[in-house]
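S.K.: Please find one structure pasted underneath; my questions will follow.
What follows draws every value from the coordinates through simple rules; no lab data is involved. Note that this is a predicted model, so its numbers are computed, not measured. Cβ: placed from backbone, ideal geometry, glycine included. Neighbour counts: every protein chain shown.
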Amino acid sequence: MKISVFAVSLVLAASSLQSLVDIEKQLPVKAFYEARQRLQGIAYHTPLLYSSNLSEKYDCNVFVKREDLQVVRSYKIRGAYNKMMSTPKELLDKGVVCASAGNHAQGVAFACAKLKVKCKIFMPAQAPKQKVNKVRGFGREYIEIILTGKNFDEAFAAADEYTRRTGSTFVHPFNDLKVIAGQGTVGLEIIEDIDLPIDYLFGAIGGGGFISGVSSLFRQLSPETKIIGVEPTGAASMFQSLQAGVPTQFQNLDPFVDGAAVGKPGDLTFDICKQTLTEILVVPEGKVCTSILELYNDEGIVVEPAGALTIASLDFYKDKIKGKTIVVVISGGNNDVNRTEDIQRRSKEYE
């Protein structure tokens, strides 16, 4: 599917009562509280900060959830650790495998070092060096990094083949209910930390694990909140899949927004997003780059491309969010300084 260089959106049908029943069966509220209990002392309760600059710019109340300040500089530790703590130790002792563009790998590596479990981590050959080094630092002697394939999907295929051959435990980056519940603990913190009703929540989509968790929780605890998922133009796999009605492989994947560059969503995340999201917005990579630079210059916040997706979406919603209370989740801050020149170039070309 070819997507215009301008932002495009897909408005989804309102959730039915049956959809809510299905969500409550798959991911009841207690699953998120149980996940948070497992994460005590592991994941930070990250701040939800009011942004004066963004609030003035868009004439609304903008709160920023700073998952870039998480222990591995992204929310991924939440899902990885919840999954591993929910898995019997005898299975973990047979070995753990994961595939990741970088952030999930850091979460798994951190968990493996904490639990003293051996793991093979498959990452794309072109993964940012900063992320590879961070994975190695978190996992230490407990992990082995295997760089393979041009993108996440090819690294995932190699990890899947190895898992099937060895009988290891695979910690999926998104298509797993325990992972989704772990990521959804971000939503618990947001709801507890704000006194105002939330009109809009913006979250990035890669494979859909994070937005599935947060949107499932909000549908049960804050059903009036409109949940907007945001994807980059070059990796709009959830957008394309929801248009097609089934999970669909995205062709000519652009790995630039590496934290969201997933070629095909999982069946679980696809089904949950179909039931819980209000809308998906597809944002050009150049606009994302502009937002990275603005966040650094105006707010002193260092974000990776996927972390800037939600901020980049606000210009396209300025009329809808005027006078409203909104939350934007900065999902990660693992940016490599060596990418700065490319980010500046893409921003200039877009502007």
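S.K.: Name the residue that is surrounded by the fewest Cβ atoms within 10 Å (Cβ to Cβ), counting only residues in the range 162-173 that are out of contact with any Cys (no Cβ under 6 Å at 6 or more places or on another chain), under 16 Å from ALA111 (Cα atoms) and not polar (S, T, N, Q).
M.R.: Here the answer is PHE170.
S.K.: Taking the condition outside any helix (DSSP H, G or I), of a type in the set (Asp, Glu) and crowded, with 24+ Cβ neighbours inside 10 Å, does GLU224 pass?
M.R.: Criteria not met by GLU224.
S.K.: Applying the selection to the range 73-114, what residues are among the aromatic types (Phe, Trp, Tyr) and touching an Asp or Glu at 6+ places or on another chain (Cβ under 8 Å)?
M.R.: TYR75, the sole residue that qualifies.
S.K.: Identify, by number, the condition in (1) under 25 Å from SER86 (Cβ atoms); (2) without any contact (Cβ under 8 Å) to a residue 40 or more places away in the chain; (3) under 22 Å from the mean Cα position of the chain (by Cα) that ALA155 doesn't meet.
M.R.: Unmet condition: (2).
S.K.: Sticking with this one: So which residues in the range 330-351 are aliphatic (A, V, I, L, M) and out of contact with any helix residue (DSSP H, G or I) (no Cβ under 6 Å at 6 or more places or on another chain), if there are any at all?
M.R.: Result: VAL337, single match.
S.K.: Also, I was wondering about something else. Pick out the one residue from GLY207, GLY245, GLY266, GLY182 that is touching a Leu at 6+ places or on another chain (Cβ under 9 Å) and either farther than 23 Å from LYS318 by Cα or crowded, with 24+ Cβ neighbours inside 10 Å (or both).
M.R.: Unique residue meeting the criteria: GLY182.
S.K.: I'm trying to understand the selection: among the residues of the range 303-327, which are of a type outside the set (Val, Ile, Thr), under 16 Å from PRO128 (Cβ atoms) and not in a helix (DSSP H, G or I)?
M.R.: GLU304, PRO305
S.K.: Of all residues being among the hydroxyl-bearing types (Ser, Thr, Tyr) and over 15 Å from the mean Cα position of the chain (by Cα) in the range 226-265, which is farthest from LYS324 (Cα to Cα)? Just the residue, please.
M.R.: THR248
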